[in-house]
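Before any comments, here is the structure.
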Amino acid sequence: ALADVPLRIEGLTKRYAKSADRYAVRDLSFEVGKGQVLGLLGPNGAGKTTTLRMLMGLISPDAGEIRVFGQAIRPGAPVLSRVGAFVEGAGFLPHLSGRANLELYWAATGRPAEDSHLDEALEIAGLGDALARAVRTYSQGMRQRLAIAQAMLGLPDLLILDEPTNGLDPPQIREMRDVMIRYAEAGRTVIVSSHLLSEVEQSCTHLVVMHRGQLIQAGPVDEITGSGDTLLITTAEDIPEPVI
Ligand code: ATP
């Protein structure tokens, strides 16, 4: 049943200005199943962030449909309570501990404290003893994982991570990978964007590859990486212009 499908996108289209000669996202369709970790891949400007912002109900598409667990997404849609999102630049209060920051954040949502599942989110994020320390002492990787833990509060069924490996070094990228795998283990679903296949490949079960707003490949990760073509995608120049 559609109510069991974490995400189904159909014909999604967005231009930022009617006069813009380029579509940020054009006729994009794909589906994400329960328990999957879907990598949304593409070079800078491919339309990943635009797609994710539409999924979060932050901006509206010009055309097409987004269904999360069968319900249409629009700003303020009730089903958005089942969606958690990480976007770059989450602000924390530097003199408070990681734990206190997340408690404050959750309190601001107005939902009951016990619904936050704070300890489980923190365990999945793998922050350990650092939680009691002030955020100003955290490394970039730890801040990033605290922001991910914040997105995990309430243990949303669908977790959306926009470029969570940005700015991280290889050990931190490996930690982030483990966080995503742990999160999906309980049958929850993760969508993660990246412009580097190598950064997400090992945590993803499925991939959607975008270029200039369009889908150019989609499927289980072993089928796509096995094809050889997409391994080349690190810059926009690597991919031919889609035929429109
Ligand atoms: P990046 O990895 O750089 O974030 P992306 O794949 O997430 O890239 P988008 O940010 O979705 O790509 O951008 C898709 C296209 O839409 C680009 O051509 C971009 O310049 C344009 N764009 C994005 N945001 C806006 C905006 N607020 N106003 C106008 N154009 C925009």
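At the listed q of 0.21 Å⁻¹, the Debye profile of the stretch 77-212, built from one uniform point per Cα, gives log10 I(q)/I(0) equal to -1.35. For the chain, the Cα-based Rg and Dmax, in that order, read 17.8, 54 Å. Pick out, from Gln140, Ala77, Thr50, the residue whose Cα sits farthest towards the positive end of the charge dipole of the chain, with +1 on the Cβ of Lys and Arg and -1 on the Cβ of Asp and Glu. About the Cα centre, the residue reaching furthest to the positive side is Ala77.
Solvent-accessible surface of the chain, taken per residue with a 1.4 Å probe and all protein chains present: 46 Å².
Computed over the alpha-carbon pairs of the stretch 9-58, the distance histogram in 5 Å steps reads 5, 17, 27, 28, 14, 5, 2, 1 percent, short to long. With both residues required to sit in the stretch 1-158, DSSP beta bridges show an antiparallel share near 90%.
Entry note, the chain: the mean residue ellipticity at 222 nm calculated from DSSP H runs of n ≥ 4, each adding -39500 (n - 2.57), is -8000 deg cm²/dmol after division by the residues and rounding to the nearest 500. For the stretch 1-150, the Cβ-based charge dipole about the Cα centre amounts to some 540 debye (Lys, Arg positive; Asp, Glu negative; other atoms uncharged).
Highest mean first, the peptides 157-165, 10-18, 71-79, 194-202 sorted by other C-beta atoms within 10 Å per residue fall in the order 157-165, 194-202, 10-18, 71-79. Computed from the alpha carbon atoms alone, the convex hull of the stretch 129-183 holds 90 Å³ per residue.
Rounded, prolate or oblate, given the Cα gyration tensor of the stretch 51-110, with a/c below 1.5 counting as rounded? In terms of gyration-tensor shape, prolate.
Treating each Cα of the stretch 20-129 as one equal point scatterer and applying the Debye formula with no solvent, the log10 of I(q)/I(0) at q = 0.13, 0.17, 0.20 Å⁻¹ comes out as -0.68, -1.06, -1.26.
The values are calculated or read from the model by the stated rules, or taken from the named source; none is laboratory data. Note that the structure is a prediction, hence the values are computed from the model and not measured. FYI the Cβ positions are ideal-geometry reconstructions off the backbone, even for glycines, and counts take in every protein chain you see. Protein only, heavy atoms only, side chains kept; ligands, DNA and RNA dropped before computing areas. Shrake-Rupley method; radii C 1.70, N 1.55, O 1.52, S 1.80 Å.
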